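Undergrad: Sending over a structure as structure tokens; questions will come in a sec.
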Amino acid sequence: MNYPLLLAYTLSIVLLIATPGPVVALVLNTAASAGRRQAFCTILGTNGASLVLIGLSSLAISGLLMVQERWLTALALVGSGVLLWYALTALRDAWAVPAADGADNAVSVESTASAHRPKSRRRSAIAQGLLVGLSNPKDILFFIAFFPQFIAITQRPGTSLALLTLLWVLADFLILLAYATLLGTAFFQQRRHTVARLSALFLLAVAVGGLGYAGMEILK
């Protein structure tokens, strides 16, 4: 086991995953608007998306799958459209709630929303996490470029890929869960509507940018 390379990989993925992006914004928005349990379901969905993308990347690295960039661009256009739909929905919901609650009458989202939470809402949160996680299929190219740099952590490439995947999914889950838990603190509970609006605006910006970029790539 190449422990220095393993440490470098671990530090790299922690920084990559913790950096705010559409997935982090989605988890923050869900935690702020629907509570920590709903955010947990969303995290399960984003984890599933990571597994799908990493799995396809592993097939490409192994030479079992040919990745056509034009296909990924077309899928990215569809994914950006899905992200735009979710961002607009989140934005509408975020502006439909009161701007801010006073410290005395602030009610935890967790206590009000968890009393009656149908399974359909949990399935919807998982589906949303999965779709947003898959909204940029060009992440496959990222994993294809990223993983080979650390493939030498063990002497067997297959074992290395499995270990790299496990560490990514574990770090992804724990970091996103930490974000969702942070939103459950009293400080952020009093500002949850602001967080919901800012995260929805961020998702909207990412979606518009993704649509513009994918559109230009297709026109080329």
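The values are calculated or read from the model by the stated rules, or taken from the named source; none is laboratory data. From a predicted model like this one, the values you see are computed outputs, not experimental measurements. Neighbour counts run over all protein chains shown; Cβ positions are idealised from the backbone, glycine included.
Undergrad: Residue pairs, Cβ under 8 Å, 6 or more apart or interchain, first in the stretch 125-151 and basic (K, R), second surrounded by 21 or more Cβ atoms within 10 Å (Cβ to Cβ) and outside any loop (DSSP other than H, G, I, E, B). List them.
TA: K138/A76
Undergrad: Only residues that are β-branched (V, I, T) and surrounded by fewer than 16 Cβ atoms within 10 Å (Cβ to Cβ): list them for the stretch 152-168, please.
TA: Matches in the stretch 152-168: T159 only.
Undergrad: Output the residue which, of all residues in the stretch 181-207 that are touching a residue at least 40 places away in the same chain (Cβ under 8 Å) and of a type in the set (F, W, Y), is surrounded by the fewest Cβ atoms within 10 Å (Cβ to Cβ).
TA: Looking at residues that are touching a residue at least 40 places away in the same chain (Cβ under 8 Å) and of a type in the set (F, W, Y), I get F188.
Undergrad: If the requirement is being in contact (Cβ under 8 Å) with a residue 40 or more places away in the chain and more than 28 Å from F147 (Cβ to Cβ), which of these qualifies: G215, G210?
TA: It is G215.
Undergrad: What single numbered condition from (1) buried (at least 21 other Cβ atoms within 10 Å of the Cβ); (2) outside any helix (DSSP H, G or I) fails to hold for G45?
TA: (2)
Undergrad: Six or more apart or on different chains, Cβ under 8 Å: which pairs go from a residue in the stretch 1-16 that's at negative phi to one that's at pLDDT 90 or above and in a loop (DSSP other than H, G, I, E, B)? Could you list them?
TA: Listed pairs, sorted by first residue: none to list.
Undergrad: Is it true that some residue in the stretch 112-130 is surrounded by 15 or more Cβ atoms within 10 Å (Cβ to Cβ), modelled with pLDDT under 85 and either over 26 Å from F202 (Cβ atoms) or aromatic (F, W, Y) (or both)?
TA: Looking for residues that are surrounded by 15 or more Cβ atoms within 10 Å (Cβ to Cβ), modelled with pLDDT under 85 and either over 26 Å from F202 (Cβ atoms) or aromatic (F, W, Y) (or both), one finds none in the stretch 112-130, hence no.
Undergrad: Against the definition (closer than 21 Å to V14 by Cα, among the small types (G, A, S), surrounded by fewer than 17 Cβ atoms within 10 Å (Cβ to Cβ) and modelled with pLDDT of 90 or more), how does A178 come out, yes or no?
TA: Criteria met by A178.
Undergrad: Among the residues of the stretch 62-75, are any part of a helix (DSSP H, G or I), within 29 Å of I218 (Cβ to Cβ) and modelled with pLDDT of 90 or more?
TA: Among the residues of the stretch 62-75, not one is part of a helix (DSSP H, G or I), within 29 Å of I218 (Cβ to Cβ) and modelled with pLDDT of 90 or more, which makes the answer no.
Undergrad: May I pose another question? Regarding A39, is this residue touching a Lys or Arg at 6+ places or on another chain (Cβ under 6 Å), crowded, with 22+ Cβ neighbours inside 10 Å and either in a helix (DSSP H, G or I) or in contact (Cβ under 8 Å) with a residue 40 or more places away in the chain (or both)?
TA: No, not satisfied.
Undergrad: Run down V52, V24, V78, V82 and say which single residue is farther than 21 Å from G209 by Cα and part of a helix (DSSP H, G or I).
TA: Sole residue among the options that is farther than 21 Å from G209 by Cα and part of a helix (DSSP H, G or I): V52.
Undergrad: Got a sec? Which of Q155, Q149 is farther than 28 Å from R70 by Cα and over 14 Å from the mean Cα position of the chain (by Cα)?
TA: Testing whether each residue is farther than 28 Å from R70 by Cα and over 14 Å from the mean Cα position of the chain (by Cα) leaves just Q155.
Undergrad: Within the stretch 142-174, count every residue that is touching a helix residue (DSSP H, G or I) at 6+ places or on another chain (Cβ under 7 Å) and in a helix (DSSP H, G or I).
TA: 20
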